[in-house]
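Just so you know, all these numbers are worked out from the coordinates, no wet-lab data involved. Please read these numbers as outputs of a predicted model, since none were measured by experiment. Note: ideal-geometry Cβ built from the backbone for every residue, glycine included; neighbour counts use all protein chains shown.
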Amino acid sequence: MNVILQLPAVSGPGLAEFCKNKNQNGTKFQFQQRTSGQIALVTDEGETHVGKEEIQKWNEHTNEKYQSKIEPIGLSEVKGETVLSASISGPFEGSPLILKYIFGFDGDKIFSLRIE
């Protein structure tokens, strides 16, 4: 089942770009281009990655490891954060999975991402 989810403008172009680029044949989303300053961080699989360089390494590693596609299925605001629920599929055990991508924004730029 394909669910078409219109990402609201309040989520900024960073979120729409994140989803679009995750699905383009392994295109690597350039997270560091959508972050502001040195406060950028990503928490995934129990590890926190801080700063643009570390985030880029995490991004390249997970793209190569999982080769996943993301299909947004829900979007909400919780305590000032944007929560994207998505079906994640790929050639990995347990596919597809439902994950939550919890984004912090500074204007239209993503400055934090926590994946649960």
Taking max minus min of the Cα coordinates of segment 36-101 on each principal axis, largest first, gives extents in Å of 33, 30, 18
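Test of understanding: what is the full-extension gain from Glu64 to Lys52, defined as 0.36 nm times their sequence separation minus their Cα-Cα distance? Provide the component values of the computation, followed by the final result.
Numbers: separation 12, 0.36 × 12 = 4.32 nm, distance 1.83 nm.
Contour length minus the Cα-Cα distance gives 2.5 nm.
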Can you sort Ser87, Ser76 so the residue with the fewest Cβ neighbours within 10 Å comes first?
Ser76, Ser87
